[in-house]
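One structure below.
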Amino acid sequence: RCDIVAVIMQSNGTAKQIARWIALGALFLIPFAVLVVASTFFFPFITGKAFYLRTLIELAVAGWAVLALLDKEYRPRFSWIGAAVVGFVAWMFVADAFALNAMKAFWSNFERMEGWVLLVHLLGFFFASSAVLRVEKKWRAWFLTSLGVSVVIVGYALLQLNGTFAIHQGSTRIDATLGNSAYLAIYLLFSVFVALWLALTEKYSWLKWSLIALAVVEAVLIFFTETRGTIIGLVLALALAALLTALTAGAERRDAARGYAAGALVLILILMGSFYLARNSDFIQNNHTLQRIASISLADGQTRFTIWNMAFKGVLERPLTGYGQEGFNYIFNKYYDPSLYKQEQWFDRAHNAFIDWLSAGGLPAFLLYLSLFGSAILLLWRSSELSRPERIALTAALVGYAIHNFFVFDNLYSYIYFFALLALIDSQVSRPIEKFEKAPALSAADGMTYALPIATIAVFASIWFVNISGMQTASKLIVAISPSNDPSKNLAVFEDFAARPPFVMQEIREQMVSFAGAIVQSPSVANELKQRAVSLAIGEMQKQVAAYPRDARGHLQLSYAYRIVGDSASALEEIRSAIVLSPKKEGFYIEKGIIEWDNGDFKAAQEDFSAAYALGPQFSELALYAAAGNIVANDQAAADRILMSVFGTTEVDNPIFSVAYYRVKDWPRLINFWKMRTGRPDAGAPAWFSLAAAYYTSGDKATAVKTINTAVARYPDFAASGAEAIKQIEEGK
């Protein structure tokens, strides 16, 4: 009997230890996610991190679940933070279920890797980390691990600054391994305040000062990300920290603490004021980073204000459930403001996390999202478990994050840091739930016999269906879109996707259209292969439009697909559908006008180009199209009025006018256009040959030959081409 008891106790201990190490191991590997860049995956800076995080969270949750069954200490506890998290995730399930594209709402896409799948993982991370790191007393170690990883990120960013490593986004805004400067900025902001918190409570002097130094370096690097919303968040959060320190200083050190805090606050205010007063100085204007920060103004934020206004209009239409996650594109299309013409063509976020949740989940989601911040800060200051420096640093981190989120949308790792702070506070203030406490612990034998095997099967099933299939798709998509000497292999991958559609089928279908357009232009590709590619692209985009008829982007992509094969009638039908869904988007009218232009329906092209220009008269590019449309419709006077009002001249150097003048056989203007082109300092032989062609088409062969001779005299390397051109002119070809 003693032997049996010993075996049972050993089994229980073994099961618990295995679960403990799985949970702790997974949780402590999570901070390394920021280093993951999966170059073989589509969107390598996003997808690699997402699959890595999902897998680790699933392992951590499985380990925690076994621990909770075996030991009451690991079981969930109640706090209003936890209630807010559960409520938020639960409501978004409802909102996503009612989304116009529920599949995308739940699973997102490769570009973002969010959706409800991310939220439920964050929920699991919240409960697993709160329980396991509380019981094991490992919160400090976890955040120190995260800061250790941030040292690597800092090193990478510094090497980007000195030119050793390339910057992935643009040429000046550092982004390290996150691939986006805004993502790096909020990661550093969290690290700054966590480093300060740990420094203020650290007993080892060498570590204390190392953490302070790290916080200073990371704060400086935030400026080099040039993410203005995060910079504002950093400065205001530091000012708040100084203010809170002054107001809450303990009696035993009241005078010294208040003095230092007040001095820091005054210094921050002086620096802010001095920078504002000197914002137009040469020193600031000649420094790209400082100049970008100095440009912060209400006028500079007009684009965001416009998008926010569009979002509010969309929310009024669906105030209860919103449009679901990844549903902002429906708002963007329907309420598109023509002033955004020169911005990116598709916005999938409002660039304000609070408004994003308002539009994604309606008013309930917005209030629940606010409650995450409110409950965390309120309970933080009511907790007796956290010291004053901890409360101040964590409050500053949350406030800085909220300010950042007012101007930028969230990303994978900012979610992780945010939910880690929520879980930390929850672990300090939560209280046992009576029902969970009274529930009996799993028997010793069952721990090893049932709990671990079932958890193992469940976690591997989750990893396979949630992650492995997605990883395979991300990898295969790279193969499909990579240049190849044998495009049939690329097409075979696309055909395999069509046979077994994954969750990111919209992205894949758009890549099919691009692929079909590319190989149709290739003379080395067999016609049979071209036909297969085009048929696949059209068929798949037809499925996309049939499934989501209210998505203007799908109609536009299908229009592109039809244009590849010259089916202008179907292309026009799809672009008209897109215009119905987004009646103020100038780009759609331009696309429609181009199709009609190519069809020779110049009157219709004129109307569409004029409609686009009427929507955005402040954009010179639209004026060019409107003028060209008037020219081909034989209304030169209207074209001249537009050109004079916008450019101050009727002789504007743009290739569209060469085509327009050729179409209406206005040879004098066509000749004048190419004369203007040949007069440019960078004019080459092709411009002179085009001028010669203009003379020839007007019937002036002698001047055409003379022009070619002039070109050859200027550019001797083109002598052979010139001789051949003269021969063709003389032969009347």
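The values are calculated or read from the model by the stated rules, or taken from the named source; none is laboratory data. Just so it is clear, the model here is predicted, and its values are computed rather than measured. Backbone-built Cβ (ideal geometry, glycine too); neighbour counts: all protein chains shown. What goes into the accessible areas is simple: the full protein's heavy atoms, side chains included, and nothing from ligands, DNA or RNA. Shrake-Rupley method; radii C 1.70, N 1.55, O 1.52, S 1.80 Å.
Suppose R0 equals 60 Å. What FRET efficiency, 1/(1 + (r/R0)^6) with r the Cβ-Cβ distance, do residue 499 and residue 158 give to the nearest 0.05?
Computed FRET efficiency for residue 499 and residue 158: 0.80.
For region 174-229, take the convex hull of the Cα atoms, compute a quarter of its surface area, and give me that in nm², please.
3.7 nm²
For the chain, with only Lys/Arg (+1) and Asp/Glu (-1) charged at the beta-carbon, what is the dipole magnitude about the Cα centre, in debye rounded to 20?
Charge dipole of the chain: 1600 debye, to the nearest 20.
For region 75-147, what mean projected area does the convex hull of the alpha carbons give, in nm²?
6.2 nm²
At a 1.4 Å probe radius, which order do 271, 412 fall into by accessible area, largest first?
271, 412
Binned at 5 Å from 0, what are the whole-percent values of the Cα-Cα distance distribution for region 585-685, short to long?
Reading upward from the zero bin: 2, 14, 24, 24, 19, 10, 5, 1.
Once the Cβ-Cβ distance between residue 285 and residue 702 is put in as r, and R0 is 51 Å, what FRET efficiency do you end up with, to the nearest 0.05?
0.35
Can you return the aspartates and glutamates within cross-link range of residue 675? Criterion is Cα-Cα under 13 Å, with same-chain partners fewer than 8 residues away left out.
Cα-Cα hits under 13 Å: 651, 653.
Heavy-atom accessible area per residue, the chain, 1.4 Å probe: how many Å²?
Per-residue value: 44 Å².
Starting from the Cα-Cα distance between residue 381 and residue 649, subtract it from 0.36 nm times their residue separation and give me the gain in nm to one decimal.
Answer, rounded to one decimal: 89.8 nm.
Report residue 431's accessible area, 1.4 Å probe, all protein chains in place, as a number in Å² to the nearest 10.
130 Å²
With every protein chain left in place and a probe of 1.4 Å, what is the accessible surface of residue 649, to the nearest 10 Å²?
50 Å²
Using only the C-alpha atoms of region 330-408, find the volume of their convex hull and express it per residue in Å³.
Spread over its residues, the Cα hull of region 330-408 gives 94 Å³ apiece.
Which order do peptides 218-227, 87-96 fall in by mean Cβ count within 10 Å, highest first?
218-227, 87-96
D for region 22-132, whole µm²/s, Stokes-Einstein with Kirkwood Rh over alpha-carbon pairs at 10 °C and 1.306 mPa s: what number?
Diffusion coefficient, whole number: 105 µm²/s.
Given the DSSP H assignment, sum -39500 (n - 2.57) over each helix run of at least 4 residues in the chain and divide by its residue total; what's the result at 222 nm in deg cm²/dmol, nearest 500?
The helix-only estimate for the chain comes to -23500 deg cm²/dmol at 222 nm.
Leaving out ligands, DNA and RNA, and with a 1.4 Å probe, what % of the accessible surface on region 335-423 is carbon or sulfur?
Here it works out to 63 percent.
Calculate the FRET efficiency for residue 94 and residue 445 from the Cβ-Cβ distance with a Förster distance of 41 Å, rounded to the nearest 0.05.
0.50
Which of the pairs 701/727; 334/585; 49/138 have their Cα atoms more than 18 Å apart in this structure?
49/138, as the Cα separations exceed 18 Å there.
For region 633-680 and region 586-616, what is the separation of their C-alpha centers, rounded to whole Å?
Region 633-680 and region 586-616 have Cα centres spaced 18 Å from each other.
Taking a ≥ b ≥ c as the square roots of the Cα gyration tensor eigenvalues, with a/c under 1.5 meaning rounded and otherwise prolate when a/b beats b/c, else oblate, which class fits region 74-229?
oblate
Bin all alpha-carbon pair distances of region 694-733 at 10 Å intervals from 0 and give each bin's fraction as a whole percent.
34, 55, 11
Modelling each spin label as a point 7 Å along the Cα-to-Cβ direction, I'd like the residue 213/residue 721 distance in nm, to one decimal.
With each label placed 7 Å out from Cα toward Cβ, I get 6.1 nm.
Along the Cα→Cβ direction, 7 angstrom out, place labels at residue 675 and residue 266. What is the inter-label distance in nm?
The modelled label-to-label distance comes out at 7.3 nm.
Out of residues 5 or more away from residue 78 or on other chains, whose amide H comes under 5 Å of its own, with H placed 1.01 Å from N in the peptide plane?
The answer is 431, 433.
So, how do all the Cα-to-Cα distances of region 287-421 break down into 10 Å bins, in percent, from 0 on up?
11, 34, 31, 18, 5, 0
Name the residue farthest towards the positive end of the dipole of region 115-255 from the options 197, 132, 149, assuming +1 on Cβ of Lys and Arg, -1 on Cβ of Asp and Glu, about the Cα centre.
In region 115-255, that residue is 132.
Rounding to the nearest 20 debye, state how big the charge dipole of region 55-105 is about its Cα centre with +1 on each Lys and Arg Cβ and -1 on each Asp and Glu Cβ.
My answer is approximately 100 debye.
Would you give the gap between the C-alpha center of region 104-140 and the C-alpha center of region 48-88, rounded to a whole Å?
Each part's Cα centre sits 8 Å from the other's.
Can you bin region 124-181 into rounded, prolate or oblate? Criterion: square roots of the alpha carbon gyration tensor eigenvalues sorted a ≥ b ≥ c, rounded for a/c under 1.5, prolate for a/b above b/c, oblate for the rest.
Prolate, since a/c reaches 1.5 and a/b exceeds b/c.
Not counting ligands, DNA or RNA, and with a 1.4 Å probe, what is residue 385's accessible surface area in Å² rounded to the nearest 10?
Counting only protein heavy atoms, the figure is 110 Å².
Excluding residues on the same chain fewer than 8 positions from residue 438, give the aspartates and glutamates whose Cα lies under 17 Å from its Cα.
The qualifying aspartates and glutamates are 71, 73.
Checking the a/c ratio against 1.5 first, then a/b against b/c, what shape does the Cα gyration tensor give for region 161-299?
The shape class here is oblate.
What ranking do 168-174, 70-76 get when scored by the average of other Cβ atoms within 10 Å per residue, highest first?
70-76, 168-174
Ordered by residue, what ³J(HN,Hα) values in Hz, to whole numbers, does region 692-699 give under the Karplus form 6.51 cos²θ - 1.76 cosθ + 1.60, where θ = phi - 60° and Gly and Pro are x?
Coupling constants for region 692-699: 4, 4, 5, 4, 5, 5, 7, x Hz.
If I fit a long axis through the Cα atoms of helix 469-481 and take the longest principal axis of the Cα atoms of the chain, what angle between them do I get, 0 to 90°, rounded to 10?
For helix 469-481, the angle is close to 20 degrees.
Could you work out what % of the accessible surface of region 624-733 is carbon and sulfur, using a 1.4 angstrom probe and leaving DNA, RNA and ligands out of the count?
The value for region 624-733 is 53 percent carbon and sulfur by accessible area.
Going from most exposed to least, what order do 35, 529 have by accessible area with a 1.4 Å probe?
Heavy-atom accessible area, descending, gives 35, 529.
Ordering 49, 603 by how much accessible area each has at a 1.4 Å probe, largest first, what is the list?
Listed by decreasing accessible area, they come as 603, 49.
Take the Cα atoms of the chain, find their three principal axes, and give me the spread along each one in whole Å, biggest first.
Per principal axis, max minus min of the Cα coordinates gives 111, 63, 51 Å.
Roughly speaking, what is the centre-to-centre gap between region 161-205 and region 468-509 when only Cα atoms are used, to the nearest Å?
If we compute the Cα centre of each part, the gap is 34 Å.
Could you give the length gained by full extension between residue 275 and residue 339, i.e. 0.36 nm per residue of separation minus their alpha carbon distance, to one decimal place?
19.9 nm
Any idea what the alpha-carbon Rg over 2.2 N^0.38 Å comes to for region 364-438?
1.21
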